[in-house]
Each structure stands twice: as structure tokens, then as C-alpha cells.
1. Report, in degrees rounded to the nearest 10, the 0 to 90 angle that the Cα long axis of helix 145-164 makes with the longest principal axis of the chain.
2. At 1.4 Å probe radius, can you tell me the per residue accessible area of the range 5-164 in Å²?
3. How large is ³J(HN,Hα), in whole Hz, for each residue of the range 15-27 in order, when computed from phi with the Karplus curve 6.51 cos²θ - 1.76 cosθ + 1.60 and θ = phi - 60°, using x for Gly and Pro?
4. In debye to the nearest 20, how big a dipole does the chain give about its Cα centre with +1 on each Lys and Arg Cβ and -1 on each Asp and Glu Cβ?
5. Of all the accessible heavy-atom surface of the chain, with the other protein chains kept in place and a 1.4 Å probe, what percent is carbon and sulfur?
6. So what J values fall out for the range 36-44 if you push phi through Karplus, 6.51 cos²θ - 1.76 cosθ + 1.60 with θ = phi - 60°, rounded to Hz, Gly and Pro as x?
7. Taking the chain as a Gaussian network, where each spring joins two C-alpha atoms under 10 Å apart, which residue of D86, D115, D69 fluctuates the most?
8. Could you check what % of the DSSP bridge pairs in the range 5-164 are antiparallel, to the nearest 5?
Amino acid sequence: MSRPILAVDVDGVISLFGFDQPPDRATAKFEMIDGMVHCISFVAGERLRRLAEHFELVWATGWEGRANDYLPMLLGLPQLPYVSFDGAARFGSAHWKLGPLDAWGKGRSLAWIDDNFDESCYEWAQERTEPTLLVPTESHLGLEEAHTEALIAWAGGLEREARNR
Ligand SMILES: [Mg+2]
């Protein structure tokens, strides 16, 4: 059985924003990326490395291929495939990801972690015939431990199901 896909947003998942107090230096660091300061969560990187043992990771972000220019090096991840959105990205929303992500995940189990799900995203998830899990994050906290554990448990459940079939 192939591993499920995990579609990974960057802003609000790995690059944190909207906090009152900057996060603890042990968990995140300000980095200059393409002339802009980003608060990169290193704990999110560590969690993604664990998730990569259970999922096939793919960038699903307005950063598109640029995510591979910086983030793998900062987070200790390999270069990842990325979903292309043809410049449709709009900060603060995620509905423009649906079409391309749907095409990418055709016929596959898919989890998606993002800080901007709206009604249309949940409807899409509901309508997919394959197992689908949306994991919403808070943009100032990003990918948390509870998300990580829930995702790994979900992937484990799929694997058990496939084995018992
Ligand atoms: Mg985002």
C-alpha cells in the first residue's frame, strides 16, 4: 500500500505569524527569506520529519517551488514535490488550492494541514471518495504536537485497514 499524501501549507504551519509575543527561541527562529523576515518553527520541522515516515509529503503553499529553496535546508527535510497553483495564491485563504490539490491527490488517501480552511475546503473533503483528513492550525502556533500525533494515528488506522482487507 502506498503511503497517504500529506499536503503541507507553509504560512501559518511552518512560518508563524500573528503572535503577540514572539515564540520561544528554542522552538522558532527569525529567518530572512527572499527579502522578507519569516518566523520559522523548528519544532514544526522536527514534526514533519516524523510525519515523513508515515506520509508522502507535498508542499501545498503559495510558496510553490520556492519552498524547496529554503525550507528543506532550515528544517532538515528533503526536497519535496509541490502542487502548482499557477499564481492563484491569495494570502489568508485556501479555496484556490482545491482544484490543483484534488488533481494531485486523485485516488489517494490525503491529509492536508493548513491555517486557512473555509467551508468549501470541508465540503471538498466530505465529497472525496478516498479517506481525507483536514488538520487546521493556528497561524501563530503552526504544526503542533497534537496535530502530529493525530496524523500519525490516522495513517496507522489506514494501514491496519488495508492489511485487514
Ligand atoms: Mg497558510
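The values are calculated or read from the model by the stated rules, or taken from the named source; none is laboratory data. Please read these numbers as outputs of a predicted model, since none were measured by experiment. In this analysis, Cβ positions are derived from the backbone assuming ideal geometry, glycine residues included, and neighbour counts consider all displayed protein chains. Protein only, heavy atoms only, side chains kept; ligands, DNA and RNA dropped before computing areas. Shrake-Rupley method; radii C 1.70, N 1.55, O 1.52, S 1.80 Å.
1. Taking Cα atoms only, the helix is inclined about 20 degrees.
2. 50 Å²
3. 8, 8, 7, x, 8, 7, 10, x, x, 3, 5, 6, 10
4. 600 debye
5. Answer for the chain is 51 percent, counting heavy atoms of protein chains only.
6. Here the 3J(HN,Hα) series is 10, 7, 10, 9, 8, 7, 7, 5, 4 Hz.
7. D86
8. Restricted to the range 5-164, the bridges split so that about 40 percent are antiparallel.
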